Amino acid sequence: MRRLAIALLLCGLWLAGCQPQSPQETETARVVRVVSGQTVEVEFAGEVETVRLLGLDAPDLQQVPWGEAAKMALEADIGGKTVQLEFDLETRDRFDRRLGYIWLDGTLINERAIARGHGLFASRPPNVKYDTRLQHARDRARILGLGIWNPDDPLRQTPSEFRQQRR
């Protein structure tokens, strides 16, 4: 089983190399508030905008302890910092939030959150620029049992299922 896990991890690394390793066209923004493990407010082009991280479905804040852990990790990574925003084909969601990838010092923050087990990979076509990288990050976290994948305390309901149930 361990050999299979290592083989899958190596295969994922190879596949991740097929996608861009650094941001393409970006815009600079300052993170003014981390709302949740997948949503931030940034000062961008002279205005404060809400940005939903693409490819990431983080636990709801009501999903204790995972939601708060995801928010705190994102806050520690980018809170108050100047970041690069990269957009994909659709730039806004139905709630009028900006949709984007956040980069800090060459690190794709969306990928880092998933790799640490602070959320699930969630493809959002047509915004699929980094899907292979994000899938690999999910596989790594899952194999290593990180965050929501911890076998002693796993997340038992996806964030989407949780939100549906609460409606």
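The values are calculated or read from the model by the stated rules, or taken from the named source; none is laboratory data. Predicted, not measured: the structure shown is a model, and the values here were computed from it. Here the Cβ positions follow ideal geometry from the backbone for every residue, glycine too, while neighbour counts run over all protein chains shown.
Details
- The range 93-113 - residue that is in a helix (DSSP H, G or I) and touching a Phe, Trp or Tyr at 6+ places or on another chain (Cβ under 9 Å) and, of those, nearest to Gly79 (Cα to Cα): Ile109
- In the set Thr132, Thr107, Thr82, only one residue is under 22 Å from Ala45 (Cβ atoms), surrounded by fewer than 19 Cβ atoms within 10 Å (Cβ to Cβ) and polar (S, T, N, Q); that residue is Thr82.
- Scanning the range 34-65 for residues that are under 18 Å from Asp77 (Cα atoms) and charged (D, E, K, R) gives Glu41, Glu43, Arg52, Asp57.
- Residue tally, condition part of a strand (DSSP E or B) and either in contact with a helix residue (DSSP H, G or I) (Cβ under 7 Å, 6 or more places away or on another chain) or buried (at least 22 other Cβ atoms within 10 Å of the Cβ) (or both), over the range 114-129: 2
- Inter-residue pairs, beta-carbon under 8 Å, first without any contact (Cβ under 8 Å) to a residue 24 or more places away in the chain and in the range 47-59, second buried (at least 23 other Cβ atoms within 10 Å of the Cβ), 6+ apart: Val48/Val42
- Asn110 being modelled with pLDDT of 95 or more and out of contact with any helix residue (DSSP H, G or I) (no Cβ under 8 Å at 6 or more places or on another chain): no
- If you go through the range 91-104 and pick out every residue that is surrounded by 23 or more Cβ atoms within 10 Å (Cβ to Cβ) and touching a residue at least 60 places away in the same chain (Cβ under 8 Å), you end up with 2.
- Of the criteria (1) part of a strand (DSSP E or B); (2) free of Cβ contacts under 8 Å to residues at least 60 places away in the same chain, which one Lys71 fails: (1)
- The one condition from (1) farther than 16 Å from Val35 by Cβ; (2) without any contact (Cβ under 8 Å) to a residue 40 or more places away in the chain; (3) surrounded by fewer than 22 Cβ atoms within 10 Å (Cβ to Cβ) that Ala141 does not meet is (3).
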